[in-house]
Amino acid sequence: MPKDKKNLCILPWTHLSTDPLGTLRPCCIAKDVIKDGDHTYNIKKDSLIDVLKSPYMKELRDQFRNGRFPKTCQICELNEKNNVVSKREQHLQWQKIRNIPEVNYNNEPNEISDLQIILSNKCNLKCRTCNAIYSTKWIQESTERGLIRYNQFLTEMDSQLGNKVLKTLHDISPALHHIEYMGGEPFLQNEFYQFTEQLIESGHSKNIHLSFSSNAIHKGEEALARLCENFKEVSLNLSIDGIGSHFNYLRHGGTWSIAEENIKNYAYLAEKKFTNFSSVITHTVSWLMCIMFQNCLKKSTESLPF
């Protein structure tokens, strides 16, 4: 029996998170990638169920059972010490809100129900808070300047490697109830459409809440209609770090007037057209935007339709 149930985290029993290069973590803010000895697990070569059942993940679960925060979970531990709601606490709350079945923390898990996935870093912007790992625009500049070059995660999802990754994802899809797809910019990624179409064709999408992030520069209403028609729920997180010229500076390559128009259109779609669709504004807080953060927050809460 777990020593202290109030300090348990649901994620090591239900969830995995991938990085753009294919490595995996217990969650996106975990300090370390999942590895055993010299073997670093990677979605390009390892079964996700094998990763969930790996010695590393079993040890992580044992630490939670014994009432200890693992070292890789330092961000949540620090947040809770400072009375900030942690990711661990958020997911325990969401378990109740989304009617997710109770987890038996005494048992070892056999399936993944919650997945955060990145299949490409293709992006149309070069945000100043980003880097070449998460944006192909930054790859281009890094190459031109002779800096470290990070290739796209998968250049073609219809390649042999891409098919292997899709097969790995297909194998876990029957148990999935929540997917968070990260970018890059998903609306521009063939990988995003191939992955979601695979879920639609299998019929598993009807049981899945799909959440994904966008920079609001691309108008994806047609794609959104397809997703809303076939997924249980669809949530769109619009990543906005400033308004006006401040947005244009931070989101290099983006234009605020286009983003603002698209934000309002997504709000309209959520209110008037798609009953299972929601859209929210999220911020990447950094020193580059801290002076303008209050203005950005005010615009988000008062002027924009959310």
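Taken over segment 180-191, residues that are more than 10 Å from Ile118 (Cβ to Cβ) and in contact with a helix residue (DSSP H, G or I) (Cβ under 8 Å, 6 or more places away or on another chain) amount to 1.
With respect to being modelled with pLDDT under 90, assigned to a helix (DSSP H, G or I) and open to solvent by 60 Å² or more (accessible area, probe 1.4 Å), Trp138 falls outside the description.
All conditions but one from (1) open to solvent by 20 Å² or more (accessible area, probe 1.4 Å); (2) assigned to a helix (DSSP H, G or I) apply to Ala267; the one that does not is (1).
One residue is enough: does segment 119-128 have a residue meeting the conditions assigned to a strand (DSSP E or B), at pLDDT 85 or above and farther than 30 Å from Pro55 by Cβ? Taking every residue of segment 119-128 in turn, at least one turns out to be assigned to a strand (DSSP E or B), at pLDDT 85 or above and farther than 30 Å from Pro55 by Cβ. Does Leu115 fit the bill of being in contact (Cβ under 8 Å) with a residue 40 or more places away in the chain, surrounded by 17 or more Cβ atoms within 10 Å (Cβ to Cβ) and part of a strand (DSSP E or B)? So Leu115 fits the description; yes.
Only one of these conditions is not met by Phe247: (1) surrounded by 19 or more Cβ atoms within 10 Å (Cβ to Cβ); (2) within 23 Å of Glu191 (Cα to Cα). Which number is it? Evaluating Phe247 over (1) surrounded by 19 or more Cβ atoms within 10 Å (Cβ to Cβ); (2) within 23 Å of Glu191 (Cα to Cα) leaves (2) as the failure. Count of segment 35-94 residues, restricted to those that are in a loop (DSSP other than H, G, I, E, B) and among the basic types (Lys, Arg), is 4. Residues that are open to solvent by less than 20 Å² (accessible area, probe 1.4 Å) and in contact (Cβ under 8 Å) with a residue 60 or more places away in the chain within segment 185-208 comprise Glu185, Gln189, Glu191, Phe192, Phe195, listed in sequence order.
The values are calculated or read from the model by the stated rules, or taken from the named source; none is laboratory data. Because the structure is predicted, anything quoted here is derived from the model rather than measured. As a convention, Cβ positions derive from the backbone with ideal geometry for all residues, glycine included, and neighbour counts pool all protein chains shown. The protein model used for the area step is the full one, side chains on, heavy atoms only, and it has no ligands, DNA or RNA in it. Shrake-Rupley method; radii C 1.70, N 1.55, O 1.52, S 1.80 Å.
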